[in-house]
1. Among 160-170, 28-38, 74-84, how do they line up from the highest to the lowest mean number of other beta-carbon atoms within 10 Å?
2. Residues of segment 55-80 with backbone nitrogen within less than 20 Å of a virtual label 7 Å along the Cα-to-Cβ line of residue 47, please, listed as ranges.
3. In nm, to one decimal, how far is the modelled label at residue 154 from the one at residue 115, with both set 7 Å along Cα→Cβ?
């Protein structure tokens, strides 16, 4: 009986140890289903990455082969424009705590980083307003040991951005005042 209990407890703890890694099995498809962003691999492995693929299986963008992206990050906060012409997402860059927002144009097959006014930041897309207007939130810098706890950000703000042209160009329409959640 004692041996059975030991085996059951060991199995339970072993399961907990391996479940700390993340694997994203959700496909983030465009509104018409013609293009999908899919995260590949497990965060416990250093080669996890994402791809943007067409319905026919053609890889339009592979993060592990793109010089601005590289391996070791999933596409997060994936948001498609209503018409499905653009997809925006947040991805880790420059170490484990910096997160940038990128926009990918399905039509022109261009990828562009959404610039910020900061050097130590976390950005993520919030939502689209129409087919060419994007709202992005920036939070920076994180306190303590650079945790991703949303309450530890020393300030945050949102920008409303209009996209145009090919290659993609940005125009900031509005920036909210910086808020300071810790105060």
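Read-outs throughout are calculated quantities, based only on the coordinates presented, and are distinct from any laboratory measurement. As the structure is a prediction and not an experimental result, all values here were calculated from the model. Cβ atoms come from the backbone with ideal geometry, glycine included; neighbour counts cover every protein chain shown.
1. Values: 160-170: 14.4, 28-38: 16.7, 74-84: 18.9.
By packing density, highest mean first, the sequence is 74-84, 28-38, 160-170.
2. Those under the cut-off are 59-75.
3. Taking the simple label geometry, residue 154 and residue 115 are separated by 2.4 nm.
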